[in-house]
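Accompanying notes for the structure given below.
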Ligand code: FES
């Protein structure tokens, strides 16, 4: 109050002339169309990345290594930078069926700065998208991808100086080892790589070369069905981790198919590791609701085989149908409804949609909604199953 009383009102009279003088003294340069900070944000988080396949290298009958480069002719000059351990979502048009799938970047971030993303894609017995990619991508194929995503990245503030990686799948850890070897990240990496036998140890040569070149990287191989000198036997156990772990605190990251992840979680809890020290890769695409013991169709409720989904996008409303064993996103895609997706694992919230009516089910550990989502009725269609006819509103999306 005292400050206000001491103000001299006559000084306000000079504000306008002072401002006009400053305007006329300023150079007549036009304002930039894009501010540098916005250009950097767009470079780091592009809505879409337009890429081209530049190298295809089959590895045995099941795996193919692809290198992707930016396609300036379609608007992508540079690849988005990423933290080692990230994924990208690939948008696919399989003979008119539009969908997406998420794949881990196996190259280091340093390679992205040089214009290359590397993916390893595996053929599955009943796989639709991965098999289609393996059968169709050639050098020159045009690819549309999302920005990099995922949370299994090293953070010096949160993580220990050593990260122990439990690898049922090696893709993300190859990228992390590359980043450590190139000096992009500074921590000690101990990879415990589990496979049935030596013939399933993918990219072993590259891993060994990285470990030989950098004393911060150590790789321990363990085989579940082969006894071989120089290799641990019996897979990943709490005992094996205790033997390789350093003194003091360390973080643990794990990545692999669902049965491996379940085992890794059990081992982590046996070791008494607090959740803040553990981190895992995206849980991945869900396939059949009946697979989950907690699916309500197995217990308290009769779930119809077919469900109707009434979906509102802006001012357009339509009703589509599909199997109650498929996720809501899968039903929408199968009916040609353009629906947003990125992680397809309940983690990124890109598909976040309002559920107006009906019962739904999302299994653990895909259930990552916040309290406010439950309170205001929001779901992630990418990892949610309809238990009856439902009504939802989804954001507008264009492939
Ligand atoms: S696509 Fe990421 S939460 Fe659904």
- Please work out if residue 341 is in contact with a strand residue (DSSP E or B) (Cβ under 7 Å, 6 or more places away or on another chain) and either within 10 Å of the ligand (Cβ to nearest atom) or at pLDDT below 95 (or both). yes
- Inside the range 117-140, can you point out the residues that are within 25 Å of residue 77 (Cα to Cα) and surrounded by 17 or more Cβ atoms within 10 Å (Cβ to Cβ)? 117, 118, 119, 120, 121, 133, 137
- Item | In the range 378-399, the residues that are buried (at least 24 other Cβ atoms within 10 Å of the Cβ), away from the ligand (no atom under 11 Å from the Cβ) and within 26 Å of residue 144 (Cβ to Cβ) | 392
- strands (runs of 3 or more DSSP E) lying entirely in the range 299-377 (those with 3 or more residues that are in contact with a helix residue (DSSP H, G or I) (Cβ under 8 Å, 6 or more places away or on another chain)): 306-313, 316-323
- Task: Could you please let me know if residue 201 is within 22 Å of residue 276 (Cα to Cα) and surrounded by 14 or more Cβ atoms within 10 Å (Cβ to Cβ)?
- Result: no
- Determine, yes or no, whether residue 170 is within 19 Å of the chain's Cα centre (by Cα), at pLDDT 95 or above and closer than 30 Å to residue 277 by Cα. yes
- Tell me, yes or no, whether the range 49-56 has at least one residue that is under 22 Å from residue 144 (Cα atoms), at pLDDT 90 or above and part of a helix (DSSP H, G or I). no
- Item | Qualifying helices (runs of 4 or more DSSP H) (wholly inside the range 82-187; at least 3 residues being in contact with a helix residue (DSSP H, G or I) (Cβ under 8 Å, 6 or more places away or on another chain) and either over 30 Å from residue 243 (Cβ atoms) or free of Cβ contacts under 8 Å to residues at least 24 places away in the same chain (or both)) | 109-113
- Message: Among the numbered criteria (1) farther than 30 Å from residue 154 by Cα; (2) under 21 Å from the mean Cα position of the chain (by Cα), which one does residue 360 miss?
- Response: (2)
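The values are calculated or read from the model by the stated rules, or taken from the named source; none is laboratory data. What you are looking at is a predicted structure, and each value in this text was computed from that prediction instead of being measured. Quick reminder, even Gly has a Cβ in these numbers, built from the backbone with ideal geometry, and neighbours come from all protein chains shown.
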